[in-house]
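Note sheet for the following structure.
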Amino acid sequence: MRFPWPFERSIWRWWVMFHRALFRHGWWSLRGRFWIALAVVVVHAVVVVIVYAQIGGEVPGDWQMSPEDRSAVEVALGGSYRDYLSQRWGGGDLGGLLVILGVILGAGGAAAERRQGTGGLTLSLPVQRSGWLLSRLVLVLGLLLVLALLSTVIVTAGAVPVGAELPVGLAVAGGSLSGLVATYGIAVALLATVWTRDTFRAALLSLVALYVIDAVTGGWRPGTALSLTAWTTGPPWGSLAVVVVMTGTLFTLAVQRFKRVDP
């Protein structure tokens, strides 16, 4: 059944305004944390550029270190700037950082407003419980991709002072993977939030849960999909499957739990 054209336009406008308000509500609840996350990502990327601009992948000879410590530091630096970006930046440093930031940004929202006394009013709006959680997931994922893009721009531009070839494709691939794969961290935070109904406790519980997940999944751990090195022999299907299944399962559990709790 189709409505007359003026009514269809009115319905569309109402739909857009309603969902804009939904995302605005989510943004206001986490905007402070996002600006802190933005500063952390910028500082992280700038430090990477400064380190490689100053010493590259080798420790200066005048540094007083044992041969074993020197070797360990050089391995941690990843050799050349391009080697570091392909082996440790997207898959390790940035990827792990975005997962943690996804937890911090994902915790809270409408599911944690009971403590502030506004949960009843918020959940009385004509929005399904799943809609609140889905909007939080989409919003935080979008913000993580913005953070990944910003880090990508900085490390790509940083190739100039480092004296390396501009690693545009490499940085884009690493940044995109880091942002997208971090979705499972957001799902963990959503489930922890509807379970505890408290932002701080949900964040702490989520970080512990991520540590356990990483230990239990072994070679199929979600973080493997973040590493560009793991993609050189083909997609890490096992790790990707864990990310997809875990995200879908945890989000479904969060929705079911949220439907059963009182405002």
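What the table below lists for this structure:
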item: HN-Hα J in Hz across segment 40-49 - Karplus 6.51, -1.76, 1.60, θ = phi - 60°, x for Gly and Pro; result: 4, 5, 5, 4, 4, 5, 5, 4, 4, 5
item: Solution diffusion estimate, µm²/s, Stokes-Einstein, segment 132-229, Kirkwood Rh from C-alpha pairs, 4 °C, viscosity 1.567 mPa s; result: 86 µm²/s
item: Overall Cα dimensions of segment 198-263 - principal axes, largest extent first, Å; result: 49, 21, 18
item: Accessible area of segment 144-263 belonging to carbon and sulfur atoms, whole % at 1.4 Å probe; result: 73 percent
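The values are calculated or read from the model by the stated rules, or taken from the named source; none is laboratory data. On a predicted model such as this, the values are computed, not experimentally measured, just so you know. SASA here: full protein model, heavy atoms, side chains in, ligands and nucleic acids out. Shrake-Rupley method; radii C 1.70, N 1.55, O 1.52, S 1.80 Å.
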